[in-house]
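All remarks here apply to the structure that follows.
The values are calculated or read from the model by the stated rules, or taken from the named source; none is laboratory data. As the structure is a computational prediction, the values presented were derived from the model and not from experiment. Note that each Cβ is placed from the backbone with ideal geometry, even for glycine, and that neighbours are counted across all protein chains shown.
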Amino acid sequence: MQPYEERLTAPRSWWFASVLVGVAMALIMLPFGTLPLLGGLVGGTAVAAVVTSAYGSVRIRVVAGSLVAGDARIPVSALGEAEVLTGEETRAWRSYKADPRAYMLLRAYIPTALRVPITDPDDPTPYAYVSTRHPEALAEALKTVRQSAP
């Protein structure tokens with residue numbers, strides 16, 4: 001059973017910006033003729049779309065007794081009580097309250113997050129900050145997995 005899975009995707013405005021990058025590349029190639037112009041449009045749009053997709057398609061899962069957030073895989077047994085962050089608290093924890101040693105899966109276009117203390121004494125990381133659209137559901141999934149662990 002997989003209690004939680006979420007894919008963070010880039011906002012629509014970023015995809016529009018990818019098209020604008022393609023248009024800019026087309027304008028740069030305009031003095032060289034029609035074929036380079038079309039190549040700049042297609043190539044610029046494609047490269048910008050790949051970059052947007054790569055940055056915007058991160059996954060957050062609670063699976064096999066672990067929180068998997070981006071590249072991090074943290075056992076739920078090494079996590080403390082999750083704190084749901086909204087509004088000003090979200091902005092505070094990703095700016096002036098942030099600890100440079102923390103693991104931050106930060107997406108500024110997502111207004112809510114979850115901050116989970118890491119309780120493993122051998123890990124210097126104080127907490128994990130995870131941008132998520134459903135912080136309550138993620139906190140509940142972590143709690144469920146922690147309670148069902150032997």
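Suppose the filter is surrounded by 13 or more Cβ atoms within 10 Å (Cβ to Cβ) and on the phi < 0 side of the Ramachandran plot; does L35 pass it? Taking the combined requirement at face value, the residue does not satisfy it.
Taken over region 108-148, the criterion of being β-branched (V, I, T), in contact (Cβ under 8 Å) with a residue 60 or more places away in the chain and touching an Asp or Glu at 6+ places or on another chain (Cβ under 8 Å) is satisfied by T132 alone.
Residues checked against (1) at pLDDT 90 or above; (2) over 18 Å from the mean Cα position of the chain (by Cα); (3) surrounded by 17 or more Cβ atoms within 10 Å (Cβ to Cβ); (4) more than 20 Å from Q147 (Cβ to Cβ):
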residue: R59; (1), (2), (3), (4): yes, no, no, yes
residue: Y96; (1), (2), (3), (4): yes, yes, no, yes
residue: P100; (1), (2), (3), (4): yes, no, no, yes
residue: M104; (1), (2), (3), (4): yes, no, yes, yes
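Could you look through region 3-16, keep only residues that are surrounded by 15 or more Cβ atoms within 10 Å (Cβ to Cβ) and not hydroxyl-bearing (S, T, Y), and pick out the one that is farthest from A48 (Cα to Cα)?
First, the residues of region 3-16 that are surrounded by 15 or more Cβ atoms within 10 Å (Cβ to Cβ): 3-4, 6, 8-10, 14-15.
Next, only the ones that are not hydroxyl-bearing (S, T, Y) stay: 3, 6, 8, 10, 14-15.
Numbers: P3: 34, E6: 24, L8: 18, A10: 12, W14: 9, W15: 8 Å.
That would be P3.
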